[in-house]
Amino acid sequence: MAIKIFIDQGHNPSGYFNSGAEANGLQESEINYQVGIYLRNLLNNDPRFEARVSRPEPNTVLGTNNTTSLAERVRMANEWPADYFISIHCNYSPDPAINGTEVYIYQYGTQAQWLAERIMYGINQVTGTRNNGIRENPSLYVLRNVIMPANLVELAYLSNLSDAEKLRNNPYGFAYGIYLGLLRYFGFV
């Protein structure tokens, strides 16, 4: 029985509501989309996993506003039902010096935390981003409403030049880091 992973590529395409951050010539929704597709392909090429994405095409728009967009992502994961939920995002700060990777979870001391620690290690190892830690945030809609362990991964900062270059030049590396984290979490490596 394959492990079912739902990959939510955060935000809608540019030009629509809820399209995410932009900085250094990069658009968050496009990075999220591409990393999600790479991750889906890695997982679906591994017989131990079955993966689905929230945005199968670059122009897929979910919902009609922020609330219905988030609700649709949660509905898709819960109705499948997925075994694990990974939401992919890029971060932004008005301070361009801030950089690194963060993973948000609903609660510490859970399977989501153990998974987040391995995903963080995988991303840092493959891409060279800084480990900014695993952060508990029960207010995030997707983490609060999915019925399976969930991670919201902030890959890196679009607003930081070094992070932006990593996101621009190596989206596959971020996907591979998450994939490695999943392999370690399940004890496959």
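The values are calculated or read from the model by the stated rules, or taken from the named source; none is laboratory data. In this text the structure is predicted, and so the values were computed from the model without any measurement. Here Cβ is always computed from backbone atoms with ideal geometry, including for glycine, and neighbour counts include all displayed protein chains.
Please specify each residue of the stretch 31-54 satisfying the condition of being under 25 Å from Asn160 (Cα atoms) and either among the polar types (S, T, N, Q) or touching a helix residue (DSSP H, G or I) at 6+ places or on another chain (Cβ under 9 Å) (or both). Passing the criteria: Ile31, Asn32, Gln34, Val35, Gly36, Ile37, Tyr38, Leu39.
Among the candidates Glu50, Glu102, Glu72, Glu79, the residue that is of a type outside the set (A, V, I, L, M) and either in contact with a His (Cβ under 7 Å, 6 or more places away or on another chain) or more than 21 Å from Leu140 (Cα to Cα) (or both) is uniquely Glu50.
Taking every residue in the stretch 163-189 that is of a type in the set (Val, Ile, Thr) and pairing it with any residue that is not in a helix (DSSP H, G or I), at least 6 positions away or on another chain, the pairs with Cβ-Cβ distances below 7 Å are Ile178/Ile86; Ile178/Val153.
Can you give me the number of residues within the stretch 21-38 that are buried (at least 22 other Cβ atoms within 10 Å of the Cβ) and either part of a loop (DSSP other than H, G, I, E, B) or without any contact (Cβ under 8 Å) to a residue 12 or more places away in the chain (or both)? Total meeting the criteria: 0.
Looking at the stretch 150-158, is at least one residue in contact with a Cys (Cβ under 9 Å, 6 or more places away or on another chain), crowded, with 20+ Cβ neighbours inside 10 Å and of a type in the set (Ser, Thr, Tyr)? Yes: the stretch 150-158 contains one or more residues that are in contact with a Cys (Cβ under 9 Å, 6 or more places away or on another chain), crowded, with 20+ Cβ neighbours inside 10 Å and of a type in the set (Ser, Thr, Tyr). Selection of the stretch 2-28 for residues being polar (S, T, N, Q) and within 13 Å of Ser69 (Cα to Cα) yields Gln9, Asn12, Asn18, Ser19. Residues that are more than 19 Å from Val74 (Cβ to Cβ), in contact with a strand residue (DSSP E or B) (Cβ under 9 Å, 6 or more places away or on another chain) and either in a loop (DSSP other than H, G, I, E, B) or free of Cβ contacts under 8 Å to residues at least 60 places away in the same chain (or both) within the stretch 2-18 comprise Ala2, Pro13, Ser14, listed in sequence order.
When each of Asn41, Asn59, Asn78, Asn45 is tested for being surrounded by fewer than 16 Cβ atoms within 10 Å (Cβ to Cβ), under 16 Å from the mean Cα position of the chain (by Cα) and on the phi < 0 side of the Ramachandran plot, the lone residue that passes is Asn41. Annotation: Leu70 fulfils all but one of (1) assigned to a helix (DSSP H, G or I); (2) under 25 Å from Asn131 (Cβ atoms); the unmet one is (2).
Return the residues of the stretch 129-146 that are out of contact with any helix residue (DSSP H, G or I) (no Cβ under 7 Å at 6 or more places or on another chain) and more than 26 Å from Glu72 (Cα to Cα); say none if nothing qualifies. Those that are out of contact with any helix residue (DSSP H, G or I) (no Cβ under 7 Å at 6 or more places or on another chain) and more than 26 Å from Glu72 (Cα to Cα): Arg130, Asn132, Gly133. The residue that is modelled with the highest pLDDT, counting only those in the stretch 1-31 that are in contact with a His (Cβ under 6 Å, 6 or more places away or on another chain) and of a type in the set (S, T, N, Q), is Ser29.
Cβ-Cβ contacts under 9 Å between residues 6 or more apart (or on different chains), taken from a first residue in the stretch 97-112 that is farther than 21 Å from Asn124 by Cα and at pLDDT 95 or above to a second residue that is exposed (fewer than 14 other Cβ atoms within 10 Å of the Cβ) and among the charged types (D, E, K, R), are listed as Tyr106/Arg144.
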